[in-house]
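Below: one structure, written as C-alpha cells.
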Amino acid sequence: MDPVTDALEEIHHRLGALREGRVADYIPQLAHADPDAFGIALVSMGGNTYRAGPADTPFTIQSVSKPFVYALALGDLGPAELLRHVGVEPSGNAFNAISLEPGTGRPANPMINAGALATTALVRADGPAERFARVLGCLSAFAGRPLDVDEEVYASEAATGDRNRALAYLMRSAGSLRADPVETADTYFRQCAVRVTAADLAVMAATLANGGLNPVTGVRVVAEPDAVRTLAVMATCGMYDGAGQWLLDVGLPAKSGVSGGLIAASPGRFGVAVHSPPLDASGNPVRAVAALGEMARRFGLHIMHNSGLHAATVTGAERVERAGRSIAVVTAQGGLEFTETEALLYALRDLTPPEPGRLVLDLTGVSRALPGAATALAAVLADLVARGHRVAVAETLRLERAAAQGHAPTWAVFGTREAALTWAAGEDGA
Ligand code: GLU
C-alpha cells in the first residue's frame with residue numbers, strides 16, 4: 001500500500017455509495033452498462049499507475065476521444081488553420097446541441113458533437129478508412145497499447161445517430177464542413193466506439209499532462225504546444241454545459257463522455273480517469289465529478305492554486321572556502337520556468353561578492369530549462385563575467401548552447417560541481 005492508493009481507495013469506497021444519476025440510453029447499447037461499475041486510475045509523470053476499484057473494465061470512449069482527436073488535428077493543420085474551421089469557445093450547450101456560429105456555420109466548441117464532427121473530418125487522410133486508422137492510431141499511442149472498436153456500440157450508434165448526421169448535414173450546408181456528412185458521422189461513431197479502460201484513459205490524460213510525451217511508453221504522441229492547447233480547450237470546454245461550474249469547483253482540464261468516462265489532467269503532475277456510468281443533468285458522470293472534486297481539494301490541484309512547488313528550486317546559497325579563497329555557490333534543482341528562474345537569479349544577485357569575485361552556479365540537479373529561462377540566466381552570467389567575476393557553471397543541460405545566440409558563453413562550464421569549484425578557486429587567468 002502507498003499513500004496515493006490509500007487516498008484513491010478511501011474516495012472510491014465512500015463515493016461508491018452515491019446512487020444519483022442515470023445511465024445514458026439514447027444509444028441503445030449504452031443502456032446495458034452496469035450503474036455500479038466504478039473504477040479510478042491515476043498515472044504519474046514517472047509513468048507509475050495507481051488504481052482503486054476495477055480499472056480494467058472495458059467501455060467505449062465516446063466524447064473523451066474529442067480532446068485527443070483535437071490534438072491530432074492540431075498537429076495536422078496547425079492552430080491557426082484549425083481555428084478557422086472550429087472555434088474554441090465554451091458554448092454552454094449540451095453535447096448534442098446545434099451550436100454553430102451564425103453566418104459562418106463554424107462550430108464554436110470542439111468538445112461537443114458539432115465541433116468534434118468537424119474536427120474528425122479535418123484529420124488528414126486519403127479517405128475515410130485511412131482517416132479512421134489515423135484516429136485509432138492516435139488514440140492507441142496516447143493509451144500506449146493498440147485499442148479496438150466495440151462493434152456493437154458502433155452499430156447501435158450508427159443505427160440511431162440521426163441527430164449527429166443532421167448536425168453534419170447542417171454544417172455541410174452552411175459551408176463549414178467540406179467532407180461528406182454521412183462518412184464524417186460514420187468515422188466519428190467509430191471514434192466514439194473505441195474501447196478503453198479507466199487505466200487506459202489515465203495514461204492518455206497523463207500524456208497530455210506530460211506535454212504530449214507518453215510517460216509510460218516514452219513515445220512522443222503530439223507536440224508540446226498542441227498538448228498545452230488541448231488542455232486549455234479542455235479547461236474551458238470539456239464538461240458540456242457544466243464547464244464553468246467545474247472550473248470553479250475542481251479547476252482541472254477535463255473531459256467527460258456519455259458512457260461514464262471522465263479524464264482530468266494536472267499539468268506536470270498526473271493524469272486521472274474515472275469510469276462510472278450514471279450521469280448528472282449535464283451529462284457528466286456523478287461519481288467521477290465528486291471524486292475529482294475531493295481530490296482537487298485534498299491535494300490543492302486547482303490550476304489557479306499556488307502550489308508552492310517552486311519553493312525548493314534553489315537548494316543552496318552559500319559561501320564556500322576553497323584554497324583560501326571564498327567562493328559564492330548557488331545550487332538549484334528541478335525544472336527552470338519563470339518562477340524558478342526568478343528565484344535563482346534573486347539568490348545569485350544576493351550572494352554575488354564585490355568584483356572581482358568568484359562564483360559557482362551548480363545546476364547539475366536541473367532537469368530542464370525553458371528557453372526563456374536559459375536566455376535570462378545567460379544574460380546574467382555574461383554580465384557577471386563582463387564585470388570581472390570568475391564564474392563557473394556546473395551543468396549537464398548545455399545551457400551555453402541555448403544561450404549562444406544572444407551572449408558569447410564566457411563563463412566556464414563543467415560537468416560536476418567539484419570541477420567547477422576547483423576551477424573557481426584557481427589563479428585568475430588560469
Ligand atoms: N457518440 C456520442 C454522441 O455523439 C458521444 C457523446 C458524448 O460522449 O458526449 O452522441
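May I ask you to list pairs of residues, at least six apart or on different chains, whose Cβ atoms are under 9 Å apart, with the first in the stretch 84-105 being within 16 Å of the ligand (Cβ to nearest atom) and the second being acidic (Asp, Glu)?
Pro90/Asp241; Ser91/Asp241; Gly92/Asp241; Asn93/Asp241; Ala94/Asp241; Phe95/Asp241; Ala97/Asp241
How many residues does the stretch 317-342 hold that are in a strand (DSSP E or B) and either touching a Lys or Arg at 6+ places or on another chain (Cβ under 7 Å) or surrounded by 15 or more Cβ atoms within 10 Å (Cβ to Cβ) (or both)?
15
Among Pro110, Pro67, Pro79, which is in contact with a strand residue (DSSP E or B) (Cβ under 9 Å, 6 or more places away or on another chain) and either touching a residue at least 60 places away in the same chain (Cβ under 8 Å) or within 11 Å of the ligand (Cβ to nearest atom) (or both)?
Of Pro110, Pro67, Pro79, the one residue that is in contact with a strand residue (DSSP E or B) (Cβ under 9 Å, 6 or more places away or on another chain) and either touching a residue at least 60 places away in the same chain (Cβ under 8 Å) or within 11 Å of the ligand (Cβ to nearest atom) (or both) is Pro67.
Going through Pro146, Pro128 one at a time, which residue ends up being away from the ligand (no atom under 16 Å from the Cβ), modelled with pLDDT of 95 or more, farther than 30 Å from Gly271 by Cα and in contact with a helix residue (DSSP H, G or I) (Cβ under 7 Å, 6 or more places away or on another chain)?
Pro128
Identify, from the list Ala133, Ala174, Ala179, Ala198, the residue that is closer than 21 Å to Asn214 by Cβ and away from the ligand (no atom under 16 Å from the Cβ).
Testing whether each residue is closer than 21 Å to Asn214 by Cβ and away from the ligand (no atom under 16 Å from the Cβ) leaves just Ala133.
Before we move on, is Glu130 in contact (Cβ under 8 Å) with a residue 24 or more places away in the chain and of a type in the set (Asp, Glu)?
When the stated conditions are applied, Glu130 does not pass them.
Within the stretch 18-45, track down each residue that is under 20 Å from Ala296 (Cα atoms) and assigned to a loop (DSSP other than H, G, I, E, B).
If the condition is that a residue be under 20 Å from Ala296 (Cα atoms) and assigned to a loop (DSSP other than H, G, I, E, B), then Leu18, Phe38, Met45 are the ones that fit.
Mind checking which residues of the stretch 148-177 are touching a residue at least 60 places away in the same chain (Cβ under 8 Å), hydrophobic (A, V, I, L, M, F, W, C) and in contact with a strand residue (DSSP E or B) (Cβ under 8 Å, 6 or more places away or on another chain)?
Listed by number, the residues that qualify are Val153, Leu170, Met171, Ala174.
Answer with yes or no whether Leu100 is crowded, with 17+ Cβ neighbours inside 10 Å and within 23 Å of the chain's Cα centre (by Cα).
no
State all residues of the stretch 76-96 that are surrounded by fewer than 18 Cβ atoms within 10 Å (Cβ to Cβ) and within 23 Å of Arg190 (Cα to Cα); if no residue qualifies, say none.
If the condition is that a residue be surrounded by fewer than 18 Cβ atoms within 10 Å (Cβ to Cβ) and within 23 Å of Arg190 (Cα to Cα), then Asp76, Ala94 are the ones that fit.
Let me spell it out: the conditions are (1) over 19 Å from the mean Cα position of the chain (by Cα); (2) within 16 Å of the ligand (Cβ to nearest atom); (3) at pLDDT 95 or above, and Val123 meets all of them except one. Which number is the exception?
Going through the list (1) over 19 Å from the mean Cα position of the chain (by Cα); (2) within 16 Å of the ligand (Cβ to nearest atom); (3) at pLDDT 95 or above, Val123 breaks only (2).
Looking for whichever is buried (at least 24 other Cβ atoms within 10 Å of the Cβ) and either touching a helix residue (DSSP H, G or I) at 6+ places or on another chain (Cβ under 9 Å) or small (Gly, Ala, Ser) (or both) here; the options are Ala114, Ala108. Which one fits?
That would be Ala114, the only listed residue that is buried (at least 24 other Cβ atoms within 10 Å of the Cβ) and either touching a helix residue (DSSP H, G or I) at 6+ places or on another chain (Cβ under 9 Å) or small (Gly, Ala, Ser) (or both).
Of (1) more than 16 Å from the ligand (Cβ to nearest atom); (2) without any contact (Cβ under 8 Å) to a residue 60 or more places away in the chain, Ala254 satisfies all except one. Which?
(1)
Every residue, every condition in (1) among the hydroxyl-bearing types (Ser, Thr, Tyr); (2) modelled with pLDDT of 95 or more; (3) closer than 15 Å to Met204 by Cα, yes or no:
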position: Gly16; (1), (2), (3): no, yes, no
position: Gln29; (1), (2), (3): no, yes, no
position: His32; (1), (2), (3): no, yes, no
position: Pro35; (1), (2), (3): no, yes, no
position: Gly39; (1), (2), (3): no, yes, no
position: Ser44; (1), (2), (3): yes, no, yes
position: Asn48; (1), (2), (3): no, no, yes
position: Ala52; (1), (2), (3): no, yes, no
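List the pairs whose first member sits in the stretch 329-349 and is in contact (Cβ under 8 Å) with a residue 40 or more places away in the chain, whose second member is among the acidic types (Asp, Glu) and surrounded by fewer than 21 Cβ atoms within 10 Å (Cβ to Cβ), and whose Cβ atoms are under 8 Å apart, counting only residues at least 6 apart or on separate chains?
Sorted first by the residue in the stretch 329-349, then by its partner, the pairs are Val329/Glu318.
Among the residues of the stretch 264-285, write down those that are under 22 Å from Glu89 (Cα atoms) and within 12 Å of the ligand (Cβ to nearest atom).
Ser282, Gly283, Asn284
Pick from the stretch 208-222 the residues that are assigned to a loop (DSSP other than H, G, I, E, B) and not β-branched (Val, Ile, Thr): which of them is farthest from the ligand (Cβ to nearest atom)?
Going through the qualifying residues, I end up with Gly218.
Can you confirm whether the stretch 223-240 contains a residue that is outside any strand (DSSP E or B), buried (at least 22 other Cβ atoms within 10 Å of the Cβ) and over 17 Å from the mean Cα position of the chain (by Cα)?
The answer is yes; a qualifying residue exists.
Could you please find all residues in the stretch 16-45 being within 15 Å of the ligand (Cβ to nearest atom) and not acidic (Asp, Glu)?
Gly21, Arg22, Val23, Ala24, Tyr26, Ile27, Pro28, Gln29, Leu30, Ala31, Ala33
Can we say Asp186 is over 30 Å from Thr5 (Cα atoms), free of Cβ contacts under 8 Å to residues at least 12 places away in the same chain and within 16 Å of the ligand (Cβ to nearest atom)?
no
From the list Leu292, Leu345, Leu262, which one is under 22 Å from the mean Cα position of the chain (by Cα), in a helix (DSSP H, G or I) and hydrophobic (A, V, I, L, M, F, W, C)?
Leu292 is the lone residue from the list that is under 22 Å from the mean Cα position of the chain (by Cα), in a helix (DSSP H, G or I) and hydrophobic (A, V, I, L, M, F, W, C).
Within the stretch 50-64, take every residue that is more than 16 Å from the ligand (Cβ to nearest atom) and of a type in the set (A, V, I, L, M, F, W, C) and give me the one that is nearest to Asp186 (Cα to Cα).
It comes out as Ala55.
The values are calculated or read from the model by the stated rules, or taken from the named source; none is laboratory data. Fair warning: this is a prediction, and the values are worked out from it, not measured in the lab. So basically every Cβ, Gly included, is an ideal-geometry build from the backbone, and we count neighbours across all protein chains shown.
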